[in-house]
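Step one of this worksheet: look at the structure below.
The values are calculated or read from the model by the stated rules, or taken from the named source; none is laboratory data. Just so it is clear, the model here is predicted, and its values are computed rather than measured. Reconstructed Cβ throughout: ideal geometry from the backbone, glycine too, with neighbour counts over all protein chains shown. Ligands, DNA and RNA are excluded from the accessible area calculation, which covers all protein heavy atoms including side chains. Shrake-Rupley method; radii C 1.70, N 1.55, O 1.52, S 1.80 Å.
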Amino acid sequence: MELSQRITQITGGGSGGWDLFFRARALKDAGAPIIELTVGEHDIRTSTDILEAMHNAARSGHTGYAAIPGTEGLRAAVAARITAQSGVPTSARNVTITPGGQSALYASHLAVLDTGDTGLFIDPYYATYPGTIRAVGGIPHTVPADAGRGFQPRGADIDAAAKATRAKSLLVNSPNNPTGAVYARDSLRDIAQTCIANDMWLISDEVYDSQVWEGTHISPRALPDMAQRTLVVGSMSKSHAMTGSRVGWVCGPEDVIDYLITLSTHTTYGVPGYIQDAATYALGQGQRVEEQVAAPFRRRRALTQKLLAQQNVVHAAPIQGAMYVMLDIRATGMTGEEFGDALLDAEQIAVMPGESFGAAAAGHIRVAMTVDDDAYVDAITRLLGFAARLATGAPA
Ligand code: PMP
């Protein structure tokens, strides 16, 4: 029996650049001491008080169907966080709860793209973006952001792509996975102006908004005339180490949120009530908790900068936010894929090749700062030593 084009073409055919990741996992499963700096997941688990809130909610009976839009309590807590952070007055009616940010990305694109419409996004990009756009029947189209500009996108490039493709939407992500860039006010102003000039929706993936090391996180929804054309994607995954709980949100104009609630009725039927109660509890603990969850990455970012300063073969893109470091390894004469493969064989360290995040990240590798400090310093020291040997032609 034939399946739909839509489901068989989600990945567009390739492995999505995950070959190295799967090879490292297989080696690890076979007992090799691989250090994985690959996936964006904390090395700590969800805190016990959040788990207790979850347990208590379940024990007290919140195990039936939960409110499909999200519980009033959680919608209000998310709205309050967004108001405080962005300055844009936001009510519970501007928010709907989804099973994680990924589901929010899917729902947002489904809301604004019809079959055959183009959805723009910035290259380098988070691995699921093109597939998410294809999954709603859209055509993914990248706009490159150059390493030479610290991976900040340029308004003129977005404008040209928007005009060439008559795109209906633009997806941006700041703080950025995989580059670690935090978009500057100028970049965001250009993005906003381009969206307005080309009558595009802006989908702003802000799941790393609690992980800012340099600069300020600005939500483009707060820029003039943007609230009515911006859908913000958020999540508890990164801010509260709740990746497995699958709880996130879309924030946008009330009429869009109403349609997204209809979509949830016909797809997910909501998020478990005890998970929502745990998320409400977690948000109620305030920003200090988010800073605690972010602290190990802030520390490892400083450790990375210290190690990088002691050599001049490998160069990092500005490490401004999120749990990743994008390293330029072109001085070794290798591609990111070649370097990643060789590093895994020589040092048993797994990283992600830049190429798996798009052509704009070629010649780079992405390091996730997701192992404990000692293991992290050891891995980066060995990685830099390996690169130095390659660059000087010494035996690697
Ligand atoms: N956006 C970006 C940029 C991400 O890196 C991730 C997860 N790695 C997500 C969205 C989705 O996260 P979740 O579904 O866990 O909220």
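Descriptive notes on the structure:
- Carbon and sulfur %, accessible surface of the range 48-287 computed with the full protein complex present, 1.4 Å: 51
- Distance between the C-alpha centres of the range 164-222 and the range 326-367: 26 Å, rounded to the whole angstrom.
- Solvent-accessible surface of the range 48-287, averaged per residue with a 1.4 angstrom probe and all protein chains in place: 38 square angstrom.
- Among the GluC sites (Glu not before Pro) in the range 1-86, those placed in a DSSP loop whose Cβ has at most 14 other Cβ atoms within 10 Å are E2.
- For the range 48-287, share of DSSP beta bridges that run antiparallel, in % to the nearest 5: 30
- Computed [θ] at 222 nm, deg cm²/dmol, the chain (DSSP H ≥ 4; -39,500 (n - 2.57); rounded to nearest 500): -13500 deg cm²/dmol
- Residue-by-residue Karplus 3J(HN,Hα) for the range 328-345, coefficients 6.51, -1.76, 1.60, Hz, glycine and proline x: 8, 10, 5, 5, 7, x, 9, 7, x, 5, 4, 5, x, 5, 5, 5, 5, 5
- Linear extension gain, D255 paired with T381, 0.36 nm per residue minus alpha-carbon span: 40.2 nm
- Applying the Karplus relation 6.51 cos²θ - 1.76 cosθ + 1.60 with θ = phi - 60° to the range 366-374 yields 3J(HN,Hα) values of 9, 9, 8, 8, 10, 10, 4, 3, 5 Hz, where x marks Gly and Pro.
- Trypsin sites (Lys or Arg not before Pro), loop per DSSP, at most 13 other Cβ atoms within 10 Å - longest free stretch of the chain: 167-396
- Using only alpha-carbon positions in the range 1-105, the gyration tensor eigenvalues give semi-axes of 35, 23, 18 Å once each is multiplied by 5 and square-rooted (largest first).
- Average 1/r across all pairs of distinct alpha carbons in the range 48-287, invert it, and you get the Kirkwood radius: 17.9 Å.
- Computed from Cα positions, the angle between helix 185-197 and the longest principal axis of the chain comes to roughly 50 degrees.
- Neighbour cut-off at most 10 other Cβ (10 Å), DSSP loop, chymotrypsin sites (Phe, Trp or Tyr not before Pro), the range 169-231: none
- Calculated FRET value between A164 and W18, using beta carbons and R₀ = 25 Å, to 0.05: 0.25
- When the residues H217, H62 are ordered by accessible surface, computed with a 1.4 Å probe over the protein chains alone, the sequence from largest down reads H62, H217.
- Loop-located chymotrypsin sites (Phe, Trp or Tyr not before Pro) in the range 1-85, at most 10 other Cβ atoms within 10 Å (DSSP): Y65
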